[in-house]
Amino acid sequence: MSPEAPVQTVLACSQCGRTFPHSDLVQIAGNRVCAECKPAFLSRMMASGAASASPLGWRYGGFWIRFGARFIDGLIFMVPVVILVAVLMPNLIRARGQAPVVPNPAFAAGFLTFFVVFFLAGACYEILMLKYRSGTLGKMACGLKVIRSDGRSLSWGVCFGRFFMWNVVTSGIPYINSILVLVSSIMLGVDNEKRALHDRVCDTRVIYKQSVA
Ligand SMILES: [Zn+2]
């Protein structure tokens, strides 16, 4: 590594989408804007009322409403799980009962299959809902939607990335997840745009649907 060539972070302008070195972008109300887009952006910001929390008048979803949305999604997912367990458990217990001392491969395979199916179903649910409805049923019920920082809806890549960041990186790794979920929640709580860790990584915002012009 040569100290003469420091890595210059290249970032996208939130308005035109072109990439610039970090130093060529100004940050206005949490949006990175290039020199060319700055005048138009500022006048738009003034027109929408500079006093509002965001230049576009968005109201961001805070910790508790988002916690509530995740809780509702959790409940929705518990219903098929409870049914599945009720159907499978007698078989699994019977399979286990045949060989109580050595670990039963049938039991392990059943558990693994269940876990994989559960995870994939969760992934499909969240990614498809984000793509086509801008939010899961829980978020929809709480009046929230997920958008990009520039107001666009999410691309497939962002939907997948957001699912992966929250479910695998932040809350999926045993032991580390308790720390990461806490850190992510604090980030969300103190941020003026209510960005959790996955929102920062994926450049997404969770806002109230009614606050979109
Ligand atoms: Zn620009």
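The values are calculated or read from the model by the stated rules, or taken from the named source; none is laboratory data. What you are looking at is a predicted structure, and each value in this text was computed from that prediction instead of being measured. Note that each Cβ is placed from the backbone with ideal geometry, even for glycine, and that neighbours are counted across all protein chains shown. Ligands, DNA and RNA are excluded from the accessible area calculation, which covers all protein heavy atoms including side chains. Shrake-Rupley method; radii C 1.70, N 1.55, O 1.52, S 1.80 Å.
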Charges at C-beta only: +1 for Lys and Arg, -1 for Asp and Glu. How large is the resulting dipole of region 139-213 about its Cα centre, in Debye rounded to 20?
220 debye
Across the chain, how many lysine pairs separated by 8 or more positions, or lying on different chains, have Cα atoms within less than 24 Å?
10
Give the long-range amide H neighbours of Cys16: residues separated by 5 or more places, or on another chain, with amide H under 5 Å away, using H modelled in the peptide plane at 1.01 Å from N.
Cys34
Whole-percent carbon and sulfur share, accessible surface of the chain, 1.4 Å:
70 percent
Explain nothing, just compute: Karplus ³J(HN,Hα) = 6.51 cos²θ - 1.76 cosθ + 1.60, θ = phi - 60°, for every residue of region 123-135 in order, whole Hz, x for Gly and Pro.
5, 4, 4, 5, 5, 5, 5, 4, 6, 9, 10, 6, x
Hey, what number do you get for the chain at 222 nm if only DSSP H runs of n ≥ 4 count, each worth -39500 (n - 2.57), divided across all residues, to the nearest 500?
-17000 deg cm²/dmol
Formal net charge of residues neighbouring Ala35 (Cβ-Cβ distance under 14 Å; K, R +1; D, E -1):
+1
Averaged per residue, what accessible surface does the chain expose to a 1.4 Å probe, in Å²?
60 Å²
